[in-house]
Amino acid sequence: MELSPARQRLLFVGIVAALAVFGYFLVLPGLRSHATPAAKARVAASTPAAAAPSTAAPVATNVPAGTVNIYDWLPFTQQDLADAAAIATRFSVDYDTFTYAETPAAYIAKMNGLITGKLAAILQNAYSTSGVAQLRNSQQQVATATATIVSLRGFGQSSLIFVVDIAQRMVTSQGTSNGSQKYAVTLTGNGASWQVSDVELASLGNT
């Protein structure tokens with residue numbers, strides 16, 4: 001007897017379903033034998049036996065005796081670091097503090113003893129640059145700064161690099177503004193004798 005189209009479709013669906021069930025029971029033993037430990041644990045957890053207390057041994061941790069002094073591993077002492085940080089902070093304040101009535105020589109003089117001779121020449125030239133000086137004078141700029149050390153970026157046998165956040169308040173003939181920038185400040189020396197040898201925006205240099 002020829003089946004109608006509707007009955008043919010129904011028969012086809014039934015055959016597919018039967019094959020799917022048959023295939024499932026064929027592969028089920030393999031799935032059980034190759035189950036991951038996590039899957040087996042989930043299956044075991046559904047049985048009463050899983051409620052048994054664990055017999056796994058506790059993991060031992062080795063805690064070193066005594067107190068570790070990290071400065072034993074570094075090429076400087078805690079006091080060395082404190083001295084260098086103080087110089088980096090003082091320099092950062094002076095670096096971004098100036099007035100339009102201040103000469104380049106006077107601007108640099110504030111940092112005498114804090115910076116190397118090479119850096120002093122670089123900063124004085126930058127302060128004297130025609131366009132920069134003209135803008136400073138025409139706007140009657142008066143800037144004051146504060147500085148906060150954010151982190152120690154790097155160090156060597158005779159160098160330290162601090163990341164310093166310098167906040168500046170600028171008063172001009174056009175009004176007052178506030179801003180801040182992070183600088184990488186490099187110091188060279190040792191012990192209590194440190195000088196700033198380089199300064200760059202933290203995003204650009206002194207890595």
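Stretching the chain fully between Ser128 and Ser151 yields a gain of 5.2 nm (0.36 nm per residue, less the alpha carbon separation). Taking amide H positions as modeled 1.01 Å from N, with prolines and chain starts lacking one, the residues under 5 Å from Val150 and 5 or more places away or on another chain are Val163, Val164, Asp165.
Over segment 75-201, the alpha carbon radius of gyration divided by the compact-protein estimate 2.2 N^0.38 Å works out to 1.09.
Can you give the extra length, in nm with one decimal, that the chain gains between Ala192 and Ala109 once fully stretched, where that is 0.36 nm per residue apart less the Cα-Cα distance? Show your work: numbers first, answer last.
Numbers: separation 83, 0.36 × 83 = 29.88 nm, distance 2.10 nm.
Full extension of this stretch gives 27.8 nm more.
Every number here is computed from the coordinates shown, using simple stated rules; none is lab data. No experiment lies behind these values; they were computed from the predicted model shown.
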